[in-house]
Amino acid sequence: MSQEICILDSNKYLLIGPSKCGKSAQAEMLAYKSGLTRYYFATLPATQTHKPKINNHIQQRGLGWNVYEVCGERSIDFQKLDDALSRNAFVLIDGLRMWAEYFRGNIGLLEFAEKITISLYNASATWCVVDAADSFGDMFDSWAWESLFSIPGLEIINFKRSRSL
């Protein structure tokens, strides 16, 4: 059974857990129940390997989203994110680690983490970041992300059990 989130006790969420445990579905439910304009930042590359997962997410998410597929173009990606975060909206970033991978060799993880954290910290929008729990061992345990975890009011929800989809 999936974990039910107390809807909008916060306006800042970080949802983590194993693959296919319902994190994205819960984040999307938060967005729908907020009643706000919805923005979705898709970070998974549209390769043949990822197509089934992407198609599943599109079908699950449905219509009514402003979707932006991050491309790794620093100025464009951050401009789109900052624009969405400045609105009275719900912004969902699904797969922060995948987005960071675009920048690993370009601007570096530290600068990426700093930019994302500043953008989220200064956001007017309600936002939710979704990522796999195993990303945390690799990226999020790093001191580069300490400031993300210290954003005031951040609700961190860890989905520890998988569920059948």
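Quick notes on this structure:
- For region 72-84, the tally of residues that are closer than 21 Å to L109 by Cα and surrounded by 12 or more Cβ atoms within 10 Å (Cβ to Cβ) stands at 9.
- Restricting the search to strands (runs of 3 or more DSSP E) fully inside region 9-75 and requiring at least 3 residues that are within 13 Å of the chain's Cα centre (by Cα) and closer than 27 Å to S150 by Cβ gives 12-17, 37-42.
- When G35 is tested against (1) out of contact with any Phe, Trp or Tyr (no Cβ under 9 Å at 6 or more places or on another chain); (2) surrounded by fewer than 13 Cβ atoms within 10 Å (Cβ to Cβ), only condition (1) is not met.
- If you filter region 1-25 down to residues that are of a type in the set (D, E, K, R) and at pLDDT 85 or above, you find that the one that is farthest from E155 (Cα to Cα) is K23.
- Residue match in region 128-143 (condition: more than 26 Å from K33 (Cα to Cα), of a type in the set (A, V, I, L, M) and modelled with pLDDT under 80): yes
- In region 113-125, the condition of being within 23 Å of C21 (Cα to Cα) and modelled with pLDDT of 85 or more is met by no residue.
- Test: Y102 is of a type outside the set (G, A, S) and at pLDDT 80 or above: no
- The single condition from (1) loosely packed, with under 13 Cβ neighbours inside 10 Å; (2) under 20 Å from S10 (Cα atoms); (3) hydrophobic (A, V, I, L, M, F, W, C) that L96 fails is (1).
- Subset tally (residues that are aliphatic (A, V, I, L, M) and within 15 Å of V91 (Cα to Cα)) for region 36-62: 2
- Residue count for region 79-101 satisfying the condition of being in contact (Cβ under 8 Å) with a residue 40 or more places away in the chain, over 14 Å from the mean Cα position of the chain (by Cα) and more than 15 Å from A27 (Cβ to Cβ): 2.
- Residue list for region 48-87, filter: of a type in the set (V, I, T) and at pLDDT 80 or above: T49, V67, V70, I76
The values are calculated or read from the model by the stated rules, or taken from the named source; none is laboratory data. Not measured: the values here are computed from a predicted model. So basically every Cβ, Gly included, is an ideal-geometry build from the backbone, and we count neighbours across all protein chains shown.
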